[in-house]
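All remarks here apply to the structure that follows.
The values are calculated or read from the model by the stated rules, or taken from the named source; none is laboratory data. This structure is a prediction, so every number in the text was calculated from the model and none was measured. Note: accessible area is taken over every heavy atom of the protein model, side chains too, but ligands, DNA and RNA are not part of it. Shrake-Rupley method; radii C 1.70, N 1.55, O 1.52, S 1.80 Å.
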Amino acid sequence: MPPKKKKRTSSQLSEQNESPAKLRKKTVGPKKMSIQACSGNKTSEVKCSLEQKDAGEKGQKELFTYWLMKSEPESRIENGVDVKFGIEDLKAQSEQTGCWDGVRNYQARNYMKDMKVGQLAFFYHSNCKMPGIAGIIKVVKEAYVDHTQFDKKDPHYDPSSKQDNPKWYMVDVQFVRMTKRFISLTELKKYHLEHKSSGGALKNMALFTRTRLSVQPLTEEEFNFVLNLEDKDPI
DNA sequence: GCCAACGTTGGC
DNA sequence: GCCAACGTTGGC
């Protein structure tokens, strides 16, 4: 998605959640971002974030602390608007921060609602010549209403969403750094396949088990494994 | 609530 | 540009 313009709103609350039990998911989402930001902090460091891990008991939802967010780095016109938004576009924005708007998939939305300030995510380039992980970003503002759902000119306008009960939310993310090298989908896939038989860290990586999800959770083990690939030669 | 038709995602 | 996978819609 395209870069969009900015605005900010914040609200949170309401929602219907669809989390369900049946899995609802949708996939989607493009992303895009917009501008400025809305909140921010700067500084970039590397890994931080804390961990809280799951609470999971009660059958409740597990809490993830690491994420992977997909966006398209190459131009593509959707409803007359260029939805290109690569990591360089985020980096170029004020405070190197932008809102992750345009997600129109319930499961991806719900994951964004679970995000906490300070958590890290991989910035994944999708639908392009070289798909893969290009950098690291962090959450700087928790879920709030995605205003683009009400904008008829926006490629992700959703006429079914009402102002008094918004369906879609976004978070603000800030560029942290590029990964030391680009970690391609091809490389990740090799590890995933290998790990499926060996029981390695990427055996259940969402990138391969839930391919159409644009906002995905990573376990700490998955995140660390991928991060360690930075210092190794590509396979 | 089932399910067929349709739409979208996204790798190749 | 093709197309597989899978999510959504809507009739019944």
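Before moving on, here are some points about what is shown:
- For A:Asp151, the residues 5 or more places off, or on other chains, whose built amide H falls under 5 Å of its own are A:Asp158.
- Per-residue HN-Hα couplings for the stretch A:138-146 [Karplus 6.51, -1.76, 1.60; θ = phi - 60°; Hz; x = Gly/Pro]: 9, 6, 10, 8, 6, 3, 8, 4, 7
- Per-selection Kirkwood Rh - the stretch A:139-183 (Cα, Å, 1 d.p.): 12.5
- Working from Cα pairs under 8 Å separated by at least six residues, relative contact order for the stretch A:121-235 is 22 percent.
- The residues of the stretch A:128-201 present an accessible area of 43 Å² per residue when probed at 1.4 Å with all protein chains retained.
- Using θ = phi - 60° and Karplus 6.51 cos²θ - 1.76 cosθ + 1.60, couplings along the stretch A:75-85 (whole Hz; Gly, Pro as x): 4, 7, 8, 10, 6, x, 10, 6, 9, 4, 7
- The Rg/Rh ratio of the stretch A:85-212, with Rg taken over Cα atoms and Rh as the Kirkwood radius over Cα pairs, comes to 1.01.
- The apolar share of the surface of the stretch A:76-142, taken as the fraction of accessible area on carbon and sulfur atoms (1.4 Å probe, ligands and nucleic acids excluded), comes to 51 percent.
- The stretch A:171-217, accessible surface, carbon-and-sulfur percent (1.4 angstrom probe): 52
- Once backbone amide H atoms are built at 1.01 Å from N, A:Gly135 has A:Phe123, A:Thr179 as its partners under 5 Å, excluding neighbours fewer than 5 places away on the same chain.
- Taking the three principal axes of the alpha carbon atoms in the stretch A:188-235, the coordinate ranges are 28, 21, 17 Å, sorted in descending order.
- Long-range amide H partners of A:Tyr66 with built H, under 5 Å: A:Leu218
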